[in-house]
């Protein structure tokens, strides 16, 4: 089971694109075998501080280990797939 935390900043363009891209990647490549927690730093700044978030958006893969982070623009699918170690169905 893949477990992700995605830290976003409200409804900014980068945050919306990050959510859209990640949901498409998960649906197309993980066959429902994932959980995604979206944390808005405007609504829950303590969670961002606890996680050491320094830039938005930030995606954290909690499982499978090792924990991995992708920081910054998440709208490039190939970058997200490679960073998470997820093989693309389009490869």
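The values are calculated or read from the model by the stated rules, or taken from the named source; none is laboratory data. Small disclaimer: the values here were computed from a predicted structure and weren't measured. Neighbour counts run over all protein chains shown; Cβ positions are idealised from the backbone, glycine included.
Please go through (1) surrounded by 14 or more Cβ atoms within 10 Å (Cβ to Cβ); (2) part of a helix (DSSP H, G or I) for residue 61 and return the number of the only condition it doesn't satisfy.
With (1) surrounded by 14 or more Cβ atoms within 10 Å (Cβ to Cβ); (2) part of a helix (DSSP H, G or I) applied to residue 61, the lone miss is (2).
Between 23, 36, 74, which is surrounded by 12 or more Cβ atoms within 10 Å (Cβ to Cβ), in contact with a helix residue (DSSP H, G or I) (Cβ under 7 Å, 6 or more places away or on another chain) and modelled with pLDDT of 90 or more?
Step by step, each of 23, 36, 74 is checked, and only 36 is surrounded by 12 or more Cβ atoms within 10 Å (Cβ to Cβ), in contact with a helix residue (DSSP H, G or I) (Cβ under 7 Å, 6 or more places away or on another chain) and modelled with pLDDT of 90 or more.
Can you list residue pairs whose Cβ atoms sit under 7 Å apart, with the first residue in region 4-22 being at positive phi and touching a residue at least 40 places away in the same chain (Cβ under 8 Å) and the second being surrounded by 20 or more Cβ atoms within 10 Å (Cβ to Cβ) and part of a loop (DSSP other than H, G, I, E, B)? Count only pairs 6 or more apart in sequence or on different chains.
none
Among residues belonging to region 29-46 that are under 15 Å from the mean Cα position of the chain (by Cα) and either in contact (Cβ under 8 Å) with a residue 40 or more places away in the chain or in a helix (DSSP H, G or I) (or both), point out the one that is nearest to residue 75 (Cα to Cα).
29
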